[in-house]
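Peer 1: Pasting in a structure now, in structure tokens, and then I'll have a few things to ask.
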Amino acid sequence: MTFKSAYLKLTAFYVLIVMIISVFFSLVLYRISSNELNQSLRQQMRNLQELQFFEGSMNYISDFELMRLQQLAQANHNLKYYLIYFNSVIFVVSFGLGYFLAKRTLKPIRQMMESQNRFTADASHELRTPLTAMKSEIEVNLRDQNLNLENAKKLLRSNLEEVEKLENLSSSLLKLANYENNKNLAMENVALEDIIAESYLRVERQAKEKQITFENDLKNIKINGNRDSLIQLFKILLDNAIKYSKPNSKIFILMDKIGNDAVIKVRDQGMGIEEEDLKHIFDRFYRTDLSRSKNKNNGYGLGLSIAMQIVKMHKGKINVESQINQGSEFTVILPA
Ligand code: ADP
């Protein structure tokens, strides 16, 4: 609704500019044309007066003068009519074109606002879920007259779990906001091998719990990048690879230098991603139905959006190929 009135206001503005120019030129044209006509009439009259001087046909001249004056009035009237007609056409065309242009101009702003609104709604929803769970548990326990220490501890443990979820969510939101806004993180020369090793250390426990093993083919490639954010990027990819893989499977980390780019692949043998989900998994809060059903309460769908921001910050690319029940392969390309 707000956008419809913005389209109309912008259109009115475009039409106003076009009409000011068009009316201004029409007036100038009208003035010049009627002056030209006037002058040519005067010139003809002067010629005729000279003729009269020689031939003395007074009546003929005054008839002729009258006729020329009528012609002049008619020509001025026609010109006025054409200019009004022309300006009306310009008005209609500029309105149509202006509306089209206004829609095009405001499209990115509309999309940004829609995505911002979706983001706020999703974030509020995710924040409310653990809060509601905590609230109802506390209420039930407070109503219990015979609440013993054991049940009270159970309640506290469960509340602590919800608080941890809230903590994770807010720290993911903060990271996302930081990477989206802070485009000027300190860049340095970093060895990708070290980055991968550091990221691995952060997910080692989860990998061991699921008895997942790694096969690596790492190379000595250096890039100009922000160390902490790159560690975060590969931690997200490795964390997902572990989360969405079956126990006892393998994860491959492959690295190569192609032209001026470092190409890093993280390949798993996990549950894979449906074709129609592939184009959305980098969206904020997007989780596939498959991952929701198999990994309840595990993640908020923010990891890959953060990964995408980090890759963008490094002027790189990230893409994914996947087959259901065969596995997924995330490829990160960073300028080396
Ligand atoms: P989450 O915290 O839910 O893992 P992400 O943004 O990291 O959020 O991932 C978004 C979604 O993409 C996940 O919910 C999951 O459905 C899918 N996904 C990401 N990585 C993989 C993977 N390696 N294998 C299968 N599905 C994946």
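Peer 1: Pick from Asn168, Asn181, Asn189: which is of a type in the set (S, T, N, Q), surrounded by 12 or more Cβ atoms within 10 Å (Cβ to Cβ) and within 30 Å of Ile333 (Cα to Cα)?
Peer 2: Working: Asn181 fails: surrounded by 12 or more Cβ atoms within 10 Å (Cβ to Cβ); Asn189 fails: surrounded by 12 or more Cβ atoms within 10 Å (Cβ to Cβ).
So the residue among Asn168, Asn181, Asn189 that is of a type in the set (S, T, N, Q), surrounded by 12 or more Cβ atoms within 10 Å (Cβ to Cβ) and within 30 Å of Ile333 (Cα to Cα) is Asn168.
Peer 1: So, one more: Test Ile212 against the criterion of being within 17 Å of Ile318 (Cα to Cα) and among the β-branched types (Val, Ile, Thr), and give yes or no.
Peer 2: On the way: within 17 Å of Ile318 (Cα to Cα): no; among the β-branched types (Val, Ile, Thr): yes.
No; evaluated as a whole, the condition is false for this residue.
Peer 1: Are any residues in segment 227-262 open to solvent by less than 20 Å² (accessible area, probe 1.4 Å) and not in a helix (DSSP H, G or I), and if so, which ones? Working first, answer last.
Peer 2: So in segment 227-262, the residues open to solvent by less than 20 Å² (accessible area, probe 1.4 Å) come out as 229-231, 233-234, 236-238, 241-242, 245, 249, 251, 253, 255, 262.
Once the filter is applied, which keeps residues that are open to solvent by less than 20 Å² (accessible area, probe 1.4 Å) and not in a helix (DSSP H, G or I), segment 227-262 yields Ser245, Ser249, Ile251, Ile253, Met255, Ala262.
Peer 1: Same structure again: Could we say that Asn224 is of a type in the set (S, T, N, Q), assigned to a strand (DSSP E or B) and away from the ligand (no atom under 13 Å from the Cβ) here?
Peer 2: Numbers: of a type in the set (S, T, N, Q): yes; assigned to a strand (DSSP E or B): yes; away from the ligand (no atom under 13 Å from the Cβ): yes.
So Asn224 fits the description; yes.
Residues checked against (1) within 28 Å of Lys315 (Cα to Cα); (2) of a type in the set (A, V, I, L, M, F, W, C); (3) modelled with pLDDT under 95:
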| site | (1), (2), (3) |
| --- | --- |
| Lys219 | yes, no, yes |
| Ala241 | yes, yes, no |
| Lys250 | no, no, no |
| Met255 | yes, yes, no |
| Asp268 | yes, no, no |
| Leu290 | no, yes, yes |
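Peer 1: While we're looking at this one, here's another question. Look through segment 292-313, keep the residues that are in a loop (DSSP other than H, G, I, E, B) and either farther than 16 Å from Ser115 by Cα or among the polar types (S, T, N, Q) (or both), and return whichever of them is modelled with the highest pLDDT. Full working, then the answer.
Peer 2: Within segment 292-313, the subset in a loop (DSSP other than H, G, I, E, B) is 295-302.
So of that shortlist, the ones also either farther than 16 Å from Ser115 by Cα or among the polar types (S, T, N, Q) (or both) come out as 295-300.
On the way: Asn295: 59, Lys296: 56, Asn297: 51, Asn298: 68, Gly299: 81, Tyr300: 89.
So the residue we want is Tyr300.
Peer 1: Let me ask something else about it. Among the residues of segment 76-97, which ones are touching a residue at least 40 places away in the same chain (Cβ under 8 Å) and open to solvent by less than 80 Å² (accessible area, probe 1.4 Å)?
Peer 2: Scanning segment 76-97 gives Asn76, Leu79, Leu83, Asn87, Ile90, Ser94.
The values are calculated or read from the model by the stated rules, or taken from the named source; none is laboratory data. Just so you know, these numbers come straight off a predicted model, no measurement behind them. Quick reminder, even Gly has a Cβ in these numbers, built from the backbone with ideal geometry, and neighbours come from all protein chains shown. Only protein heavy atoms, including side chains, enter the accessible area calculation; ligands, DNA and RNA are left aside. Shrake-Rupley method; radii C 1.70, N 1.55, O 1.52, S 1.80 Å.
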